[in-house]
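Step one of this worksheet: look at the structure below.
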Amino acid sequence: MDASTHDWFTTEHETAAGAVESRQWTTLERKVVTTDEEGAQELGRRYLEEVARFSHGLVRPRSRRNDVLLVLAGIVPLLRFGRPEVTVDSHTVRCRYPIRGGLLVARPGGSLVVAQHATLELELVVGGYLPRLGGSMRRRSLRRALYTALQARAHRAVGRRFLERAAGGAT
């Protein structure tokens, strides 16, 4: 579609329990997917495809019976999600992936959500994610520094590219 991006926004914080909460969003000129279950599933697929594109194929999505994996070099499961849960109502088309495990996960929990709202807002939300890196309550820890420098930065970059591509702002 030809929709264009106006602005891209991002927020991120860590809860007292060490969980990462982040939200990235943009405003669209028009909807990028249909407002039905197929459209919701398409949002999830597009995000996972953007991860592969961003990593030049080094990290790829793989579907298994009850899981969706993001796999490094075809071997290492970085993130393991449960089956996508899609919801559609008069205001939102949403694809939610529950976080179940993987190398980058300290404990299962939280989710990745991709949503398109009737207000023509497209968003990517990670909530309740407990990263293996960054899970230290100490402000100055090596794990936190590695999470901030590597994983959080990569997540923001992939999210931005996903939002721009979905809105037609990137090719």
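The values are calculated or read from the model by the stated rules, or taken from the named source; none is laboratory data. The model shown is predicted, which means the values in this text are computed figures rather than measured ones. So basically every Cβ, Gly included, is an ideal-geometry build from the backbone, and we count neighbours across all protein chains shown. Note: areas computed on protein heavy atoms with side chains; ligands, DNA, RNA excluded. Shrake-Rupley method; radii C 1.70, N 1.55, O 1.52, S 1.80 Å.
Can you report the number of residues in the stretch 105-126 which are free of Cβ contacts under 8 Å to residues at least 24 places away in the same chain and either open to solvent by less than 10 Å² (accessible area, probe 1.4 Å) or closer than 19 Å to residue 38 by Cβ (or both)?
Of the residues in the stretch 105-126, 1 are free of Cβ contacts under 8 Å to residues at least 24 places away in the same chain and either open to solvent by less than 10 Å² (accessible area, probe 1.4 Å) or closer than 19 Å to residue 38 by Cβ (or both).
Can you tell me which residue in the stretch 129-171 is modelled with the highest pLDDT, limited to those that are closer than 30 Å to residue 30 by Cα and not in a helix (DSSP H, G or I)? Please lay out each step first, then the result.
The initial filter retains those residues of the stretch 129-171 that are closer than 30 Å to residue 30 by Cα, namely 152-171.
Applying the additional criterion that residues be not in a helix (DSSP H, G or I) yields 167-171.
Numbers: 167: 80, 168: 77, 169: 54, 170: 45, 171: 35.
For the stretch 129-171, the residue satisfying everything is 167.
Of (1) open to solvent by less than 60 Å² (accessible area, probe 1.4 Å); (2) more than 13 Å from the chain's Cα centre (by Cα); (3) aliphatic (A, V, I, L, M), residue 70 satisfies all except one. Which?
Unmet for residue 70, out of (1) open to solvent by less than 60 Å² (accessible area, probe 1.4 Å); (2) more than 13 Å from the chain's Cα centre (by Cα); (3) aliphatic (A, V, I, L, M): (2).
Restricted to the stretch 43-54, and to residues that are surrounded by 20 or more Cβ atoms within 10 Å (Cβ to Cβ) and of a type outside the set (Phe, Trp, Tyr), which residue is nearest to residue 167 (Cα to Cα)? If you could, list the steps in order and put the result at the bottom.
At the first step, the residues of the stretch 43-54 found to be surrounded by 20 or more Cβ atoms within 10 Å (Cβ to Cβ) are 43-44, 47-48, 50-51.
Filter once more, so that each one left must be of a type outside the set (Phe, Trp, Tyr): 43-44, 48, 50-51.
Details: 43: 12, 44: 15, 48: 16, 50: 13, 51: 16 Å.
Step by step, filter the stretch 43-54, then rank; the result is 43.
Yes or no, residue by residue, for (1) surrounded by 13 or more Cβ atoms within 10 Å (Cβ to Cβ); (2) part of a loop (DSSP other than H, G, I, E, B); (3) at pLDDT below 95:
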{"site": "1", "(1), (2), (3)": "no, yes, yes"}
{"site": "21", "(1), (2), (3)": "yes, no, yes"}
{"site": "41", "(1), (2), (3)": "yes, no, no"}
{"site": "56", "(1), (2), (3)": "no, yes, no"}
{"site": "86", "(1), (2), (3)": "yes, no, no"}
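Quick one: residue 100 ticks every box in (1) open to solvent by 90 Å² or more (accessible area, probe 1.4 Å); (2) part of a helix (DSSP H, G or I) except a single one, so which number is it?
The number of the failed condition is (2).
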